[in-house]
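Beneath this line is the structure, given in structure tokens, with notes to follow.
All of the numbers you see were taken from the coordinates with simple rules; none came from a lab. Small disclaimer: the values here were computed from a predicted structure and weren't measured. Glycine gets a Cβ as well: all are built from the backbone with ideal geometry, and neighbour counts include every protein chain shown.
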Amino acid sequence: MATIFSKIIAGEIPSYKVAENDKFYAFLDINPLAKGHTLVVPKQEVDYIFDLSDEDLGEMHVFAKHVALAIQKAFPCRKVGEAVIGLEVPHAHIHLIPMQKESDMLFSNPKLKLQPEDFEAIAKAIRENL
Ligand code: AMP
């Protein structure tokens with residue numbers, strides 16, 4: 001069965017899209033730790049990120065880099081942190097999270113409650129900085 005992220009990539013489930021190419025898709029995390037929290041996923045349905053080929057893992061990080069730089073321009077921060085967890089959704093993904101301090105990366109932090117129009121505005125701001 002297709003993962004929820006494959007359904008998002010296929011457009012069967014809506015997402016706040018940030019970027020896409022032939023191999024990767026980036027969209028806003030629906031439970032963000034910070035404004036701009038974005039997920040980067042490969043279109044190839046692989047659960048564990050380290051099961052990707054060396055080439056695809058490298059390309060995924062280059063894609064994530066461009067998205068991260070756009071996030072930082074749209075939402076100024078000290079750095080954009082990268083995290084890979086993958087215990088909830090069995091489809092490899094990189095979290096990109098704007099950080100001011102180390103604890104901003106804690107997944108136990110409360111998530112932001114945003115309205116659809118907030119998500120739309122955030123995704124647009126990142127896209128405009130790509
Ligand atoms: P993990 O697999 O532990 O890295 O967590 C999966 C992440 O995917 C969580 O941060 C969720 O908020 C996020 N997530 C799950 N479903 C969706 C969705 N439909 N749209 C956007 N983000 C999602």
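Numerical summary
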item: Given the chain, longest segment not containing exposed loop trypsin sites (Lys or Arg not before Pro) (DSSP; at most 10 other Cβ within 10 Å); result: 1-100
item: Proximal lysine pairs, the chain, alpha carbons under 18 Å, eight or more residues apart or interchain; result: 25
item: Crossing angle, helix 116-127 versus the chain [Cα axis fit, 0-90 degrees, rounded to tens]; result: 80 degrees
item: Efficiency of FRET between SER53 and ILE4 - r from beta-carbon atoms, R0 25 angstrom, step 0.05; result: 0.60
item: Convex hull volume per residue in cubic angstrom - Cα atoms of region 4-127; result: 99 Å³
